[in-house]
Amino acid sequence: MDIYLPIAEVSVNWPLLVLLGAVVGFVSGLFGIGGGFLMAPILIFLGIPPAVAVASQASHVVASSTSGVISYTSQKAVDYKIGLVMAGGGVLGALLGVELFRYLRLLGQADLAVALAYLLFLGAIGTLMLYESLGQIMRRVRGEVAPHKERRRPLWLYGLPLKMRFPRSGLYISAIPPFALGGFVGVLSAIMGVGGGFILVPAMLYVLRMRAGVVVGTSLFQIIIVTAMTTILQAGRNQTVDIVLSTLLLLGGVVGAQYGAKWSGRFRAEELRAVLGLIVLMVGIQMGLELFVRPSDLFAFAPGIAQ
Amino acid sequence: MIAALPPPPPAVSAPAPERSIGTVDEVRVAAALTDARVMVDSSFRGASIVLYGAVFNPGDQPADVVVVVRGPDAPVRLVKKTRNMGVWLNSRPVLFEGAPGFYMTASTRPLSDIADFGQLRRLGVGVDHLRINAPEESRTVTRYGVRDVVVSRLGEDYLDFRRAVIRLREAAALYNTDPEGVEFVDRGLFRAEVELPAVAPTGRYFAEVWLFQDGEPVSVSNLTLTVEKVGIERDIFEFAHRRPWTYGLLCVLLAAFTGWAASRLFRRQ
């Protein structure tokens, strides 16, 4: 049942990869996220070289996001206009991120960058999600009414030039914040191999204050464009995309995602967020631990030999 | 049977022992591999190749056989983790050149019993005698009036780095030392197994079969072995390296199509 991956140059158990794709796909469908943050660490754990893992699973994100966007489009829950502005920033960010990653690999500091990014972003987002959703669950159990939320955008959003109308999102704001948000997530997508939904969704909700109904669909749309770009760049610049690996993952992934989406209706939104927050936090801590725990071997091979 | 084997190439560095000039031409080793070509296809999980050979030794003096297999050289970069303010960080990578991607020795006895340190070092036989060095880290200086003394910027750490290259490769089953790997199945007839792990690099491998007597190499037989990707594995690898941008685009289209097809399929159900 083993298959030799031509680019990763390792032999792996293929049903395990399909299963992994299905599980991550299920999680991604259930929570409406790409699931890249979960996939990359597991692939590395299975012995796939990190550069290949990060680059190859991006296409898994493309597949699950495509199927997500199609279903959100039929519900008219995608704002293509703001999505394109964000994707513009995202493509620029991905270009920068791939070059930055190459440079970090040459310096031998790619592991550090990846571990830090996971620890900081997943740690922070996970903690916030867990805190917010647990508070909501506690209030429901006690029968309290949710406190009134401050529904105002930060004032600085109004002072910026290049204002555009985004009717579907109910916004009339400068194009700079969504462009910058997209760019930032693009850089992360290249370094961490993630779609970036876990940062995009809260930022779109709480910073841009987009209409809640279009947030997930629009973020998925932006993610497709940016991860597609990342995949092409990784293949073109680093030759680290393994088509056999990504096909195995996405075969399981698309099926898992459909079942995940069906199941998501059975749970309350805050319960889902609490579980997701916990998963995100745990992955962040797990990846960050390597910075603090004494490694079993002080020496390690650094990938990325200068050509 | 033995006579049918092709005559071995002349010994590379076999100084004739003074005692038995008459027989030295006769003492020789000949060897062959069961498989000179290892094909890496989608079911590749490593390979086990048998090297077999014959020792033609008319005298009574015992002979030792040492089999050395080395894979294609590729530079490796190594980092050392150091603790800075409670956080483990990577040092600047050190580039080592001349590290074979695969290296194994199999012998009838431990190498140190077969020949002395100087001899093994000169022939480059044994993991401890691999010519791995970090050229960028060394510079030549004049010390105590002696010119061109090689000094490493890594200082004392240099040996640790060198040992780490070997240790990490041994952990991946890429470097191997088997002091009892050469087995005599009959008088003069021996076999040794070459275990290639799935992560073994592709390319040309060189096998040397040395015959030692009294700590001196008396004969050597050279063989080559090719590890190459075949079939679809080769096609994909070549495609990804020759036309990387088209390949990337194809990966994305495939992913998008799969996503689209899945959503179509599931909506119907």
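The values are calculated or read from the model by the stated rules, or taken from the named source; none is laboratory data. Everything quoted here is computed from the prediction, not taken from an experiment. Neighbour counts run over all protein chains shown; Cβ positions are idealised from the backbone, glycine included. What goes into the accessible areas is simple: the full protein's heavy atoms, side chains included, and nothing from ligands, DNA or RNA. Shrake-Rupley method; radii C 1.70, N 1.55, O 1.52, S 1.80 Å.
Observations, loosely collected:
- Residues of the stretch A:204-225 that are crowded, with 21+ Cβ neighbours inside 10 Å, more than 14 Å from chain B (Cβ to nearest Cβ) and either among the polar types (S, T, N, Q) or under 20 Å from A:Leu122 (Cα atoms) (or both): A:Met204, A:Val215, A:Val216, A:Thr218, A:Ser219, A:Gln222.
Matching residues to (1) without any contact (Cβ under 8 Å) to a residue 12 or more places away in the chain; (2) open to solvent by 10 Å² or more (accessible area, probe 1.4 Å); (3) under 18 Å from the mean Cα position of the chain (by Cα):
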{"site": "A:Ser11", "(1), (2), (3)": "yes, yes, no"}
{"site": "A:Leu38", "(1), (2), (3)": "no, yes, yes"}
{"site": "A:Leu43", "(1), (2), (3)": "no, no, yes"}
{"site": "A:Gly47", "(1), (2), (3)": "no, yes, no"}
{"site": "A:Ala58", "(1), (2), (3)": "no, no, yes"}
{"site": "A:Val91", "(1), (2), (3)": "no, yes, yes"}
{"site": "A:Gly97", "(1), (2), (3)": "no, no, yes"}
{"site": "A:Phe101", "(1), (2), (3)": "no, yes, yes"}
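- A:Pro49 meets the conditions (1) modelled with pLDDT under 85; (2) touching an Asp or Glu at 6+ places or on another chain (Cβ under 6 Å) in every case but one. The failed one is (2).
- Matching option when the condition is buried (at least 22 other Cβ atoms within 10 Å of the Cβ), in contact with a His (Cβ under 9 Å, 6 or more places away or on another chain), within 12 Å of chain B (Cβ to nearest Cβ) and assigned to a helix (DSSP H, G or I), among A:Gly21, A:Gly68: A:Gly21
- In the stretch B:230-239 there is no residue matching the filter, namely being within 26 Å of the chain's Cα centre (by Cα), more than 29 Å from A:Gln234 (Cβ to Cβ), of a type in the set (Phe, Trp, Tyr) and open to solvent by 20 Å² or more (accessible area, probe 1.4 Å).
- Extreme residue, nearest to A:Phe121 (Cα to Cα), among residues of the stretch A:25-53 that are among the aliphatic types (A, V, I, L, M) and within 14 Å of chain B (Cβ to nearest Cβ): A:Met39
- In the stretch A:255-292, the residues that are open to solvent by less than 20 Å² (accessible area, probe 1.4 Å), more than 16 Å from the chain's Cα centre (by Cα) and modelled with pLDDT of 85 or more: A:Gly256, A:Ala274
- Scanning the stretch B:233-260 for residues that are more than 8 Å from every other protein chain (Cβ to nearest Cβ) and not basic (Lys, Arg) yields B:Asp235, B:Glu238, B:Phe239, B:Thr246, B:Leu253, B:Phe257.
- When the residues of the stretch A:237-253 are filtered to those that are part of a helix (DSSP H, G or I) and open to solvent by 10 Å² or more (accessible area, probe 1.4 Å), the one that is farthest from the other protein chains (Cβ to nearest Cβ) is A:Leu248.
- Only listed residue being within 21 Å of B:Thr258 (Cβ to Cβ) and in contact (Cβ under 8 Å) with a residue 40 or more places away in the chain, chosen from A:Ala274, A:Ala228: A:Ala228
- Test: A:Leu278 is in contact with a helix residue (DSSP H, G or I) (Cβ under 8 Å, 6 or more places away or on another chain) and away from every other protein chain (no Cβ under 14 Å): yes
- For the stretch B:201-222, the tally of residues that are touching a strand residue (DSSP E or B) at 6+ places or on another chain (Cβ under 6 Å) and open to solvent by less than 20 Å² (accessible area, probe 1.4 Å) stands at 11.
- Some residue of the stretch A:106-128 being open to solvent by less than 10 Å² (accessible area, probe 1.4 Å) and acidic (Asp, Glu): no
- Odd one out for B:Val227, checked against (1) within 14 Å of chain A (Cβ to nearest Cβ); (2) under 20 Å from B:Phe102 (Cα atoms); (3) open to solvent by 10 Å² or more (accessible area, probe 1.4 Å); (4) β-branched (Val, Ile, Thr): (3)
- For the stretch B:54-98, the set of residues classified as closer than 27 Å to B:Asp116 by Cα and facing chain A (nearest Cβ under 8 Å) is empty.
- Residue in the stretch B:27-48 that is open to solvent by 30 Å² or more (accessible area, probe 1.4 Å) and among the aromatic types (Phe, Trp, Tyr) present: no
- Looking only at residues of the stretch B:249-269 that are small (Gly, Ala, Ser) and touching a Ser or Thr at 6+ places or on another chain (Cβ under 6 Å), we find that the one that is surrounded by the fewest Cβ atoms within 10 Å (Cβ to Cβ) is B:Ala256.
- Inclusion of B:Ala30 among residues that are at pLDDT 90 or above, part of a strand (DSSP E or B) and away from chain A (no Cβ under 13 Å) is not warranted.
- One residue alone among A:Val54, A:Val114, A:Val85 is within 22 Å of B:Gly259 (Cβ to Cβ), hydrophobic (A, V, I, L, M, F, W, C) and touching a residue at least 12 places away in the same chain (Cβ under 8 Å), and that residue is A:Val54.
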